[in-house]
Amino acid sequence: MNAIFDALSWFGESGQWSGPDGIPSRLAEHLWYSLLAFLITVAIALPLGLLLGHVRHGRLAGVVGFVVMASANAARALPTLGLLILAVVLTSAGDLVPILIPLVILAVPPVLVNTYAGVQQVEPGLRDAAEGMGMTGVQVALRLEAPVALPLILLGLRTAAIQIISTATLAAYVGLGGFGRYIMDGYARQEYDQMAGGAILVAVLAVLVQLLFALLRRFVVSPGVRLQTGS
Amino acid sequence: MITFEGVSKRYPDGTVAVDHLDLEIPAGRITVLVGPSGCGKTTTLRMINRMVDATDGTITVDGRNVRDVDPPTLRRGIGYVIQQAGLFPHRTIVDNIATVPLLLGRNKKEARTHALELMERVGLDAALAKRYPVQLSGGQQQRVGVARALAADPPILLMDEPFSAVDPVVRTGLQDEFLRLQDEVEKTIVFVTHDIDEAVKLGHRIAVFQVGGKLAQYASPDELLAAPANAFVRDFLGGDKGIRRLRFTQELEAEDDASGQTADTVADKAADR
Amino acid sequence: MSPLAAGDDGEPLIRWEWISNNLTDDIAEALREHLILSFTPVLLGFLVSLPLGLACARWKRLYQPTLAITSILYALPAIALFVILIAFTGLTYTTVVVPLTLYTLSVLVPGVVDGLAAVPDHVRQAATAMGFGPLRRLLQVELPIALPVVMAGLRVATVSNISLVSVGAIMGLGGLGQLFTTGLQRDFPTPIVVGVVLVILLALLSDLILLGIQRAFTPWERAGGTRRRKTADQAALPGGGAA
């Protein structure tokens, strides 16, 4: 228990809040890696999920469904640390790009699957009604499907964001910056207060992102849809 | 015989579902509780097997106050059929039918053999025994529901809109077979419906409920059609025009019965497939 | 044995001699540790989430707060939890087992509640009307019907745990993850590839075994394809824990 109090006093030490090893610059690094990976993920997975979600008939629909679901399961099985280390060993340490590849590989499936499922779960009857009222394909997608699929899409984005922030912590193990730096350096120097300080920072960041998405859900999702899908 | 003496059901929010009900339900006959939604007919039915407990009054089954029997024991001795059949999705048809006998601790093999006999009795092909409920049509599921309720050979059967969820052709077939079955088994049946045609067709006695949980009239179908007790009952029967129509149908049914097996039964079986 | 691919210094992706030299000691030991570290939390999590889920299903008021707590837990990075726990449990298996048990809970408690909620009301009513007491109804009717959803949660938790254990390697407690750190320290891809492949295989195999168990216990789920509801895999999408 004392160790935790030590960690808390670590936050008050001088030099903790400035300089290249200070919390603000580590935060900036962490956010930078995360944001970059998140944007690439969204750019790949969101359009793909929206597109594949529209394949609803015939054998192709079965194949697409299976592949999308399998990708989610496979992503859960992939050991993040192993992929990171492999990417670095195969290229050179300290570079950002080899780190981004595993981050994106791990984050794409949750966005893809949830977007896909969100579009698929729009009832055919609703789509019929929209078309029957004279909506065009684009109008159906934007005014009906997107709002109805939104809760699941947000869930996918949240899962991906959390996943990325966690994995970005591990990037410090292969020589990058971010909050993980404190954990790795603290471990190397046997300074528990620094390790615990880093762990607390990452945990707080993750919880804040989680809350951000909860707020987003409250403001962006129509109450009618929210009430239907519960919680 | 089932009796209600001054039975009321009030909910904590003040709603009165059943209001001072006195009713005598004869043994070995079909008694239909009919009325619009919210009239307390289902609550009345469910008070018999204590799915709902009455607030006031006494309900007796063959002279025993239902309050003196613990609910599971009471219920195992009373068959119950509901609209969605309530079949267990995780059990085969034969095991669904054998549910209550097994609860009563009967031998598993005998219970299954008996279940197969019951399937035949309610007009189900024995080949369906090993299937699961999802693999059956709505009409077939209702037959399983009836077979399951009969499995422990309870003297009383409670039926809550059992045929409402199936299409009209199948419904007619199920009603006809139900009447034929009742001729064989002579159970004390309490049957809830909102459909006056069904009430007149099946009921030996009909209890018409009106909103607020009041019993408006309790009579045989003939008496009911001949002398509706009040304006509500007359309206519920569909006015003079409705009464004439119901009488006409009643006469047709009587002729059908006289001419023996109905063609409906065959049609229903075909529709069930 | 031609190299499968080359790193920047011409080192092959896999050196088969290393595998045969280290199979019985390092690799087998890492695998054993990995199995213990990933399945203990699954078992513990299952044992705790069953009563917890039942309680949440019974007293609906408990569910929202429980869900809020589990969703926060799920967001916490494993490495952060490992580090914080060191203060209490030191560098022991417990440090890995506790966080993974919490992740298992965060997947399984909603699984149990959703599974029970999926029991149709008319089925529950019919069971009561036929004279099932509350306990018998739970054991013979509600839990069997909830089983597919619960099992889907169990599969997600198991697979996530197997992959998350390797993160513990950063503190020397990572089962097969130990092979990753060995590879990094020696700038040598073979152990890393072996570790990644074994983790994936282990996850896949466990998933298949659990699926087999689920199928064996729920024959009705395969009957008649017409009215199949969407599989529980979808319900359990968020998955457990993040690295």
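Derivation of every value follows stated rules applied to the coordinates shown; laboratory data play no part. Since we're looking at a predicted model, the values are computed, not measured. Note that we place each Cβ from the backbone using ideal geometry, even for glycine, and neighbour counts take in every protein chain shown.
I need the shape label for the stretch A:151-231. Rule: rounded when a/c is under 1.5, else prolate if a/b > b/c, else oblate, with a, b, c from the alpha carbon gyration tensor.
Since a/c reaches 1.5 and a/b is larger than b/c, the shape of the stretch A:151-231 is classed as prolate.
To the nearest 20 Debye, how big is the dipole of the protein assembly as shown about its Cα centre, given +1 on the beta carbon of each Lys and Arg and -1 on that of each Asp and Glu? Display every interim value, and only then the final one.
Details: 61 positive and 66 negative charges, 69 e Å.
Roughly 340 debye for the protein assembly as shown.
May I ask for the percentage of alpha-carbon pairs in the protein assembly as shown that lie more than 48 Å from each other?
36 percent
Rounded to the nearest 20 Debye, what is the dipole magnitude of chain A about its Cα centre when Lys and Arg each give +1 and Asp and Glu each give -1 at the C-beta? List each step's numbers first, then the result.
Details: 12 positive and 12 negative charges, 151 e Å.
Computed charge dipole of chain A: roughly 720 debye.
With N residues in the stretch C:16-219, what two-decimal value do you get for its Cα radius of gyration over 2.2 N^0.38 Å?
Cα-based Rg divided by the globular estimate yields 1.20.
Select from chain A the helices, each a whole stretch of DSSP H, whose alpha-carbon atoms run 20 Å or more along the helix axis and whose Kyte-Doolittle mean is at least -1.0; answer none if there are none. Working shown, then result.
Working: long enough: A:23-52 (42 Å, 1.55); A:58-77 (30 Å, 1.08); A:97-120 (34 Å, 1.74); A:146-170 (36 Å, 1.58); A:192-220 (41 Å, 1.62).
Helices meeting the criterion: A:23-52, A:58-77, A:97-120, A:146-170, A:192-220.
Helix C:93-117 versus the longest principal axis of chain C: what is the Cα-based angle in degrees, 0 to 90, to the nearest 10?
Taking the Cα atoms of chain C, the angle to C:93-117 is about 30 degrees.
Could you give the distance between the Cα centres of the stretch B:151-230 and the stretch C:47-115, to the whole Å?
Result: 53 Å between the Cα centres.
Is there a pair in B:K9/B:K41; B:K9/B:K187; B:K109/B:K130; B:K9/B:K241; B:K41/B:K201; B:K187/B:K214 whose C-alpha atoms are over 23 Å apart, and which pairs would that be?
Details: B:K9/B:K41 11 Å; B:K9/B:K187 27 Å; B:K109/B:K130 14 Å; B:K9/B:K241 35 Å; B:K41/B:K201 18 Å; B:K187/B:K214 26 Å.
Listed pairs above 23 Å: B:K9/B:K187; B:K9/B:K241; B:K187/B:K214.
Who wins for biggest fluctuation among B:K214, B:K241, B:K201 in a Gaussian network model of chain B, springs between alpha carbons below 10 Å?
Highest fluctuation among the options: B:K241.
How high is the relative contact order of the stretch C:92-188? Use alpha-carbon pairs under 8 Å, at least six apart in sequence, and give a whole percent.
This gives 31 percent for the stretch C:92-188.
Counting other beta carbons within 10 Å of each residue's own, what order do C:Y93, B:Y132, B:Y11, A:Y182 fall into, fewest first?
Working: C:Y93 14, B:Y132 22, B:Y11 11, A:Y182 28.
If I rank by nearby Cβ atoms, fewest first, I get B:Y11, C:Y93, B:Y132, A:Y182.
With the dipole of the protein assembly as shown worked out from charges on the C-beta (+1 for Lys and Arg, -1 for Asp and Glu) around the Cα centre, which of C:A152, A:F213, B:L33 lies farthest toward the positive end?
Positive-most Cα among the choices belongs to B:L33.
Give the Debye-formula value of log10 I(q)/I(0) at each listed q (0.16 Å⁻¹), with one equal scatterer per alpha carbon of the stretch A:94-229, two decimals each.
Treating every Cα as an identical point scatterer, log10 I(q)/I(0) equals -0.87.
About the Cα centre of the stretch C:16-219, how large is the charge dipole given +1 on each Lys and Arg Cβ and -1 on each Asp and Glu Cβ? Please answer in debye to the nearest 20.
Numbers: 10 positive and 10 negative charges, 203 e Å.
For the stretch C:16-219, the charge dipole is close to 980 debye.
If one computes the Cα centroid of the stretch A:73-137 and of the stretch B:1-53, what distance in Å separates the two points?
Using only Cα atoms, the two centres lie 57 Å from each other.
Over the C-alpha atoms of chain A, what are the Rg and the largest Cα-to-Cα span, Dmax, in Å?
Over chain A's Cα set, Rg and Dmax evaluate to 21.1, 68 Å.
Counting C-alpha atoms alone, how compact is the stretch A:84-170: give Rg to one decimal and Dmax as a whole number, in angstrom.
Looking at the stretch A:84-170, its Cα Rg and Dmax stand at 18.5, 58 Å.
On C-alpha positions alone, give me the angle between the axis of helix C:28-58 and the longest principal axis of chain C, in degrees, nearest 10.
The angle comes out at about 20 degrees.
Which of the listed residues, C:Q178, C:P191, C:G115, is farthest toward the dipole's positive end in the stretch C:106-231, when Lys, Arg count +1 and Asp, Glu count -1 at the beta-carbon?
Towards the positive end, the residue furthest out is C:G115.
Work out how much length B:F248 to B:K130 would gain on full extension: take 0.36 nm times their residue separation and subtract the Cα-Cα distance, in nm to one decimal.
Working: separation 118, 0.36 × 118 = 42.48 nm, distance 4.32 nm.
Stretched fully, the B:F248-B:K130 segment lengthens by 38.2 nm.
Considering only A:F38, A:A146, B:L252, whose Cα is most displaced toward the positive end of the charge dipole of the protein assembly as shown, charges sitting on Cβ of Lys, Arg (+1) and Asp, Glu (-1)?
About the Cα centre, the residue reaching furthest to the positive side is B:L252.
In sequence order, what are the phi-derived ³J(HN,Hα) couplings for the stretch C:165-176 according to the Karplus relation 6.51 cos²θ - 1.76 cosθ + 1.60 with θ = phi - 60°, rounded to whole Hz, with x for glycine and proline?
3, 5, 4, x, 4, 4, 10, x, 10, x, x, 5
For a test of the definition: using alpha carbon positions, the gyration tensor, and the 1.5 limit on a/c, classify chain B as rounded, prolate or oblate.
Cα axes put chain B in the oblate bin.
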